[in-house]
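Worksheet for the structure shown next.
The values are calculated or read from the model by the stated rules, or taken from the named source; none is laboratory data. In this text, all values refer to a predicted model and were calculated from it rather than measured experimentally. Don't worry about glycine lacking a Cβ; one is built from the backbone with ideal geometry, like all the others, and counts go over all protein chains shown. Accessible surface areas use protein heavy atoms only, side chains included; no ligands, DNA or RNA. Shrake-Rupley method; radii C 1.70, N 1.55, O 1.52, S 1.80 Å.
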Amino acid sequence: MKILLILLVLFTSNMNFAQDNFPFIPSDPKGKLAQLEKVKLIETLKMDEETTLRFFARRTEFLDKIQLLNKNSMDLIAKLEKSFTEDKLSESEYKNLIKEFNSNEEQMFKEKINFINSLNDILSEEQIAKMIVFEKKFREEIRKILTKGKNH
């Protein structure tokens, strides 16, 4: 049953299986990392099939919002950076861009809180707590691995 659940999540996600058959197409390390994270989350939270589907549907919606907000932040940073060398901005323009950036970052924080609070109808409090700890530790582990790889 657990294998069926893992396969179901893998097949319903955005994973591109064709890449395995065509070595000339670069693999997607972010996608593989996301798949690993999903499998580990399912194991950690011990979710059944229905819970898994509901959880990942809501999580995907949340991550899409965060991705858009991140893109907005990166665009604002690019504008600021460009202003240092090319298009000098006035103090009020800097102030507006900084205000917009802060607002965007605040919105990301609010979205995360809303997502966690929205899980009460899907997960138990213990599962939510485990998810919070898991995400923090998973990101730290990935950061350590990437940093270690850059140093060698």
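Scanning the range 72-126 for residues being surrounded by 15 or more Cβ atoms within 10 Å (Cβ to Cβ), at pLDDT below 95 and not in a helix (DSSP H, G or I) gives a total of 1. Quick check, is L68 open to solvent by 90 Å² or more (accessible area, probe 1.4 Å) and either part of a helix (DSSP H, G or I) or within 24 Å of E106 (Cα to Cα) (or both)? Yes; evaluated as a whole, the condition is true for this residue.
Of the residues making up the range 120-152, those that are among the hydrophobic types (A, V, I, L, M, F, W, C), touching a residue at least 60 places away in the same chain (Cβ under 8 Å) and within 17 Å of K40 (Cβ to Cβ) are L123, M131, F134, F138, I142. Restricted to the range 32-62, and to residues there that are of a type in the set (S, T, N, Q) and under 13 Å from the mean Cα position of the chain (by Cα), the residue that is least open to solvent (accessible area, probe 1.4 Å) is Q35. Residue count for the range 106-152, restricted to those that are of a type in the set (K, R) and closer than 20 Å to R59 by Cα: 6. Any chance the range 128-135 includes a residue that's of a type in the set (D, E, K, R) and surrounded by 11 or more Cβ atoms within 10 Å (Cβ to Cβ)? Yes: the range 128-135 contains one or more residues that are of a type in the set (D, E, K, R) and surrounded by 11 or more Cβ atoms within 10 Å (Cβ to Cβ).
Among the residues of the range 22-43, is there at least one that is β-branched (V, I, T), over 19 Å from R139 (Cβ atoms), at pLDDT below 95 and in a helix (DSSP H, G or I)? No: the range 22-43 contains no residue that is β-branched (V, I, T), over 19 Å from R139 (Cβ atoms), at pLDDT below 95 and in a helix (DSSP H, G or I). Among the residues here, D75 qualifies as under 24 Å from L63 (Cα atoms) and of a type in the set (D, E). Whenever a residue of the range 40-68 is under 12 Å from Q127 (Cα atoms), its partners that are of a type in the set (D, E, K, R), lying with C-beta atoms within less than 8 angstrom and at least six residues away or across chains, give the pairs T44/K130; L45/K130.
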